[in-house]
Amino acid sequence: SLDHCKIINLPKISDPRGNLTFIEGGNHIPFDIQRVYYLYDVPGGAERGGHAHKNLHQLIIAMSGSFDVVLDDGGQKKRYHLNRSYQGLYVCSMIWRELDNFSSGSVCMVLASNKYDEDDYYRNYSEFLLAKGIDQ
Ligand code: TYD
């Protein structure tokens, strides 16, 4: 549920030469990383996401710039504004997500617990609610 999703503060090595952040699978985040993907060159006003995952866990990081992530467990919704390279939003499975409000030049990096599998997606909101046992 939404209560399992949270902002994770990652290690940050502050340095006048530039800051450094690192992430170890299974250590700083509650899964091992099987895949990394990123969104970039996102035009103003664009929306991404619009789906849920059956089993996948993810960590979403604003590597540059900012954007919003709206999480929805079928009961309640929560909007997060991501704009720090040392913070990640942990999203567990069975959460509908929408990404919007991308600043120009923003980069959204996602660490994922599994390889890409279209069968792991709910791309239809009604189907997602049905799977959660929520009456419509
Ligand atoms: P999708 O997950 O819908 O994008 P987003 O949630 O970021 O808006 O994926 C968009 C397309 O890219 C879709 O055709 C599947 C493909 N894709 C891959 O082939 N591999 C991947 O790792 C991801 C995330 C997407």
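Residue ranges 124-132, 93-101 sort as 93-101, 124-132 when ordered by packing (mean number of other C-beta atoms within 10 Å per residue, highest first).
The portion of the accessible surface of the stretch 1-81 made up by carbon and sulfur, rounded to a whole percent, is 45 (1.4 Å probe; DNA, RNA and ligands excluded). Dipole of the chain computed with +1 at Lys/Arg Cβ and -1 at Asp/Glu Cβ about the Cα centre; of Leu59, Ser14, Gln34, farthest Cα towards the positive end is Ser14. Summing Lys and Arg as +1 and Asp and Glu as -1 over all other residues whose Cβ lies under 14 Å from the Cβ of Ile7 gives a net charge of +3.
Across the accessible surface of the stretch 94-136, with the other protein chains kept in place and a 1.4 Å probe, carbon and sulfur atoms take up 47 percent.
Label reach from His4 (point 7 Å along Cα→C-beta): in the stretch 37-69, amide nitrogens under 18 Å belong to 51-60. For the stretch 30-136, a simple Cβ point-charge model (Lys and Arg +1, Asp and Glu -1, everything else neutral) yields a dipole of about 300 debye relative to the Cα centre. Quick check on the stretch 59-132: take the gyration tensor over C-alpha atoms, sort the square-rooted eigenvalues as a ≥ b ≥ c, and tell me if it's rounded (a/c under 1.5), prolate or oblate. Prolate, because a/c is 1.5 or more and a/b exceeds b/c. Give me the distance between the Cα centres of the stretch 1-18 and the stretch 91-116, rounded to whole Å. After rounding, the separation between the Cα centres reads 15 Å. The mean accessible area for residues of the stretch 24-67, using a 1.4 Å probe and ignoring ligands and nucleic acids, is 54 Å² per residue. Annotation: Cα Rg of the chain relative to the compact-globule expectation 2.2 N^0.38 Å equals 1.06. A helix-only calculation puts the chain at -1500 deg cm²/dmol for mean residue ellipticity at 222 nm, using -39500 (n - 2.57) for each DSSP H run of at least four residues, averaged over all residues.
The values are calculated or read from the model by the stated rules, or taken from the named source; none is laboratory data. If you're wondering where the values come from, they're calculated on a predicted model, not measured in any experiment. Cβ coordinates were reconstructed from backbone atoms using ideal geometry, including for glycine residues, and neighbour counts include every protein chain displayed. Keep in mind that these areas ignore ligands, DNA and RNA; they rest on the heavy atoms of the full protein, side chains included. Shrake-Rupley method; radii C 1.70, N 1.55, O 1.52, S 1.80 Å.
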